[in-house]
Structures are given as C-alpha cells and as structure tokens.
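I have placed the structure first, in the form of structure tokens, so that the comments after it can refer back to it.
The values are calculated or read from the model by the stated rules, or taken from the named source; none is laboratory data. On a predicted model such as this, the values are computed, not experimentally measured, just so you know. In this analysis, Cβ positions are derived from the backbone assuming ideal geometry, glycine residues included, and neighbour counts consider all displayed protein chains. Heavy atoms of the whole protein, side chains included, go into the accessibility calculation; ligands, DNA and RNA do not. Shrake-Rupley method; radii C 1.70, N 1.55, O 1.52, S 1.80 Å.
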Amino acid sequence: MRLWIYAVATVTLALGLGGLPAHADETCQSPYMAKITGQEDFIYIWTLGVEGMGDGSDKLVTVDVRPESSTYAMVIASTSVGGRHEAHHGGLTDDRRHLWVSGLDTSQIFIFDVASDPAKPKLVKTIDDFVKVTSGVVGPHTNYALPGRMLLTGLSNDKDHGGRTAMVEYTNDGDYIATHWMPTADEPNAASIEEVVDGYGYDVRVLPRKNVMLTSSFTGWSNYMMDFGQMLQDAEAMKRFGQTMVLWDFHARAPKKVFHVPGAPLEIRWAWGPQHNYAFTSAALTSQLWLIYEDENGEWQAKAVADIGKPEGIPLPVDISLSADDSTLFVDSFMDGTVRVFDVSDPHNPKQIYEKVIGKQLNMVSQSWDGERLYFTSSLLANWDKKGEDNEQFLKAYDWDGKELKHRFTIDFNQEGLGRPHIMRFGAKSLYES
C-alpha cells in the first residue's frame, strides 16, 4: 500500500494534478506523506547544542511517547552530529524512511535513517556543500517532502548574508537537483507585485489539487545570528525583515503573485478540507494572523484577520498548528510563553477561545492528527533565547479535549544536559511493518 501511494503521488507531481487525499503525521506536514492517525510512538527533537552542556553539540533527541511503555515520557536516544550548527528545522521524506535536519549557521544538512530502528535514528549522510552546489544559498530552513524529493527553503545568501534567498530541490538520496530564486524587483520572473517584493524566504507549503505553493519570509544570516537585544537596538537590522508571501505555480516552480504581508510572516498552514482553498500564517513583528485565500473569482488574496494577543506588546508569534478538521488554530508566541487557541471554522473571522502560559519562552507546537495531543518546545534561536532564569528549555506534552489543555509530562532539557529543543517530528513503528 505504501508503495502504491508513493507511485500515485509521483505521477501526480509529474502531471501537476491535485486531488490526492491528505496524508500527514502532525497536521503541519506535507500532503505527500502517509499519516499517523492513531497514537505516535516517538517524538524526534532537533536540538541546539550549548557550549559546556553535555557534549556541546547539536543532536537529534528521541522521546518515547507510547503510553504503555516502561520508558514513556523519557529520552531513549540522543545522536550528536558534532559541533553547533544552529539546529533549527527538519522534515521527513515522503516515504518517511529518512529525517532531514539542517543548521542555519553552517548550512549543513544531516540525514537520519528512522526506518531501520524508529526508536534509535541513525545518522547516515551529511551534506556539507549546500552553499556551493546551490550557487550561494545560505541557511536551509524548511525541509518539505515531495514525491521522491525534498524541497528546502533558504534564509540567506553568501554574498551579503542578507535575506535574498532561494528554494532548493534534492532527491531523497541527497543529490542536488535545482535552485529556484525568490522573485525580486530586478528579477520578478513575471510575478505580479502587490506592493513590494523583497526576495526573502522562510517556509513553504503546497496545495496540490490547486497546483499552488506558498512561501513566506523572515530575515538573513546577519540578523538571525545576531544577539536579540543588540538587534532590537539596531535600526538598520530591524529594517531587514521580510514583508512578503509568494504564491507559486507549483508544477512550473514559477512565482505568480507577491502579497504584501508586513512583519515577517512565518509558518504556513494550508487547510485540509477538500473545498477549503485557504491557508494561515502569523506575522511575528506585527502579531497578526493572516489568511491567504482564493476568492469567488478564482483570484488569490491575502488579508489580516485577527490580532494575536496585544500587538503593541510584541508577543512575537512564532509557530502555528491547524487541526485536521480545519476548525482550530493553535498559535505560539515566544516572548510571553503563551499558546492561544482560535476558532477558525469561519477562516475570515477567527475568534480566540482559549489561552495558556506554557513557559517563560515558547516556540514550536506539534499536534497529533486526531487532535488529542499537543507537544511544545522552547527554543527559538541560540542568540535569541532568553537569558538567566528565563532560559527555560523543555519539551512539554498536553492533552486537548476541545476546551482546555491538560498537562501530561515535561522533560527539562537543561536539567538533562541536552541543549535547546526546537523542531519536533513524529515516528511510529507501524509505518515500517509489512
């Protein structure tokens, strides 16, 4: 069955057609992946190394989340990659046999085999020539599964370390295929420009049945590797944040329209419903929730639809998770350590229905497909995390009953000597059983 799904997905990509059923693990994953519909077995956490803590290296940490297991809620494996690379994001291949994770500083990519022993992923390949083969892309961020391929977004470039960047395609085996540069004023590549075009990148997500792809924008290496407090005082640095999203012809990899979305729009989440032609993002610096949608005339539009907390306080929304039924959106904000829950059953009029402080700082959220479990991690970037007692570093698990979050367990990554936990991905042994 898995091979059949893979074959159909490959043909669909080649023809540029939509109509595939939704397949994913956490609700934020690529539609080309088989999904875990029941209880996940493991959480894989890509973790930043901290000098003087443990071995000091970035590492992939595996946590057992099988409720019946004797090691439930415990770290059962930790594999270091050697050195600190600014561990950030990662993603599984479409066949879910390998997990790609990357470093924003060194631009190295680490490929783990998670199929042979899902409880103990094994590092099998390191790509250390990313900048060279891509003609200067720096800071691989999103690792997104396509049929037989991985699509990676960059955050920067090797000429000025600014935000001008590109998307890059590799085979699942780690062989370079192509670079697709973001549109700019000098090279719009036939895209229509709403107000501005900056060439910045961050996240990417695909809606296959409409043959559209969305990208968002953040900032370049010179900003994300700077001390957060220093950056906030640097007027020029604060001008170097993305304010665009790009709608692409997915099959042609061609930009069609550049939306003006000020304030660094970050994570993108397409709705899953077969007639739901819209996506959400949150703008970090303006603390606004944005909707990108197809209107009644078949034209794509973008508009702000809700505030996240009190924007004047800059809560800094960072990650979002849309439930599989498209009714509920979880929004994490870093500065106040809070998750806010919105009823988005009417996507044009989101209503906040709940909020909870998770910690002194908060970043990523991953939601199970059944919507019953949510996991949170704390680290944003090594130089942006809070200092002293506010530098909490954790994985926290909660149950969600549709009304409130109920704490299940916490793993203190500082106490365990592991580092700063960032992106999470789910694993399950059943995916590899015949």
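Structure summary
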{"item": "Subset of segment 208-240 [within 16 Å of the chain's Cα centre (by Cα) and open to solvent by 10 Å² or more (accessible area, probe 1.4 Å)]", "result": "PHE218"}
{"item": "Residue satisfying condition, being under 18 Å from PRO315 (Cα atoms) and under 16 Å from the mean Cα position of the chain (by Cα), within set SER378, SER368", "result": "SER378"}
{"item": "Residue that is least open to solvent (accessible area, probe 1.4 Å) [pool: residues in segment 375-399 that are among the charged types (D, E, K, R) and not in a strand (DSSP E or B)]", "result": "ASP385"}
{"item": "Set GLY359, GLY309, GLY388: member being without any contact (Cβ under 8 Å) to a residue 24 or more places away in the chain and more than 18 Å from the chain's Cα centre (by Cα)", "result": "GLY388"}
{"item": "Inter-residue pairs, beta-carbon under 8 Å, first more than 17 Å from GLN29 (Cβ to Cβ) and free of Cβ contacts under 8 Å to residues at least 40 places away in the same chain and in segment 195-217, second assigned to a loop (DSSP other than H, G, I, E, B) and not aromatic (Phe, Trp, Tyr), 6+ apart", "result": "GLY199/GLY163; GLY199/ARG164; GLY199/THR165; GLY199/MET182; GLY199/PRO183; GLY199/THR184"}
{"item": "Failed item, numbered, when VAL124 is tested on (1) under 30 Å from THR71 (Cβ atoms); (2) in contact with an Asp or Glu (Cβ under 8 Å, 6 or more places away or on another chain); (3) surrounded by 24 or more Cβ atoms within 10 Å (Cβ to Cβ)", "result": "(3)"}
{"item": "Pick from segment 400-427, criterion surrounded by 22 or more Cβ atoms within 10 Å (Cβ to Cβ) and small (Gly, Ala, Ser), ranking: farthest from GLN39 (Cα to Cα)", "result": "GLY419"}
{"item": "Filter result for ASP346 (surrounded by fewer than 18 Cβ atoms within 10 Å (Cβ to Cβ) and closer than 22 Å to ILE268 by Cβ)", "result": "yes"}
{"item": "Single match in ASP319, ASP326 (criterion: open to solvent by less than 10 Å² (accessible area, probe 1.4 Å), assigned to a strand (DSSP E or B), free of Cβ contacts under 8 Å to residues at least 60 places away in the same chain and not basic (Lys, Arg))", "result": "ASP319"}
{"item": "Subset of segment 185-223 [part of a helix (DSSP H, G or I) and over 16 Å from HIS141 (Cβ atoms)]", "result": "PRO208, ARG209, LYS210"}
